Amino acid sequence: MGKNKVVLRSARDALFIALKEQILVNNLKPDELLQIERLAEEYGVSATPVREALVKLEADGLVTQVLNKGAKVSSISEEDVKNVWEMRRLLESYAARESISLITAEEIDSLEKDILKLRDSEFDNALYMDVDNRLHELFFLHLTNNLLKDSIRSIHELSQRIRYIAETSKQMHEKVIQDVTQEHLSIIISLRSRNAELLVPLLYTHLLNGEKRTLEALRKNQKK
């Protein structure tokens, strides 16, 4: 029985969740081959739920089917980066405007405390990733439009995988952390004002900068 066997509602759903998580954090890298037989053995399931999970991952844009081989993790192109961040700017800017009065002072205080900890203490990558996710989730978690929430969450997951590219080198990683932390602090200050005219431009610029950082990292990786 495979060492990574998962037990949830169904083998397909469990495998889908497990593989998706591995892809989103780049443990399974772009263009990496996902062989059905190997995955079935590793996770202790038959080939059928593996195939079904790969079909679901393909629908999410995370894998591409490969004839007679299974699938491979979807590649990341400059066009992918531009498309994803364009969608983020459109959807998150609108969601932030709708959510600004719904976000609680406690949520803002908690985030600010952790952002300041990142700025002033020894770097904690797990905390950095948690803060980034929590901040951007604030802009849609309180909305009642589930279609909008699901759309933003899906786009955010795609950007999470792409964004890891910007942290592949130590030098670039340190610069990214400094820049992102300062941008997050500015967003927190604007959130406290409850003024969408201050918040939305800051968020929009933060996402523009995120796209630029990721494109720069992608181009550097392509030259290696």
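The values are calculated or read from the model by the stated rules, or taken from the named source; none is laboratory data. Just so it is clear, the model here is predicted, and its values are computed rather than measured. Positions of Cβ are backbone-derived with ideal geometry, glycine not excepted, and every protein chain shown enters the neighbour counts. SASA here: full protein model, heavy atoms, side chains in, ligands and nucleic acids out. Shrake-Rupley method; radii C 1.70, N 1.55, O 1.52, S 1.80 Å.
Computed values, structure above
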{"quantity": "Criterion: at pLDDT below 90 and either under 24 Å from L90 (Cβ atoms) or among the hydrophobic types (A, V, I, L, M, F, W, C) (or both) - qualifying residue of L218, L191", "calculated": "L218"}
{"quantity": "Cβ-Cβ under 7 Å pairs, at least 6 apart or on other chains, the range 140-163 side small (G, A, S), far side open to solvent by less than 50 Å² (accessible area, probe 1.4 Å)", "calculated": "S151/L91; S159/V84; S159/W85; S159/R88"}
{"quantity": "Those residues of the range 56-86 which are β-branched (V, I, T) and either over 21 Å from the mean Cα position of the chain (by Cα) or exposed (fewer than 15 other Cβ atoms within 10 Å of the Cβ) (or both), in sequence order", "calculated": "V66"}
{"quantity": "Residue in the range 87-98 that is modelled with pLDDT of 95 or more and touching a Lys or Arg at 6+ places or on another chain (Cβ under 9 Å) present", "calculated": "yes"}
{"quantity": "In the range 124-160, residue surrounded by the fewest Cβ atoms within 10 Å (Cβ to Cβ) [restricted to those that are closer than 17 Å to Q22 by Cα and small (G, A, S)]", "calculated": "A126"}
{"quantity": "Boolean, L147 is over 23 Å from T181 (Cβ atoms) and not in a loop (DSSP other than H, G, I, E, B)", "calculated": "yes"}
{"quantity": "Residues of the range 43-82 classified as within 30 Å of L208 (Cβ to Cβ), free of Cβ contacts under 8 Å to residues at least 60 places away in the same chain and basic (K, R), total", "calculated": "0"}
{"quantity": "The range 87-105, subset in contact (Cβ under 8 Å) with a residue 24 or more places away in the chain and under 30 Å from K29 (Cβ atoms), residue most open to solvent (accessible area, probe 1.4 Å)", "calculated": "M87"}
{"quantity": "Unique residue being touching a residue at least 40 places away in the same chain (Cβ under 8 Å), open to solvent by 40 Å² or more (accessible area, probe 1.4 Å) and either on the phi > 0 side of the Ramachandran plot or not in a loop (DSSP other than H, G, I, E, B) (or both) when the list is L218, L208, L198, L185", "calculated": "L208"}
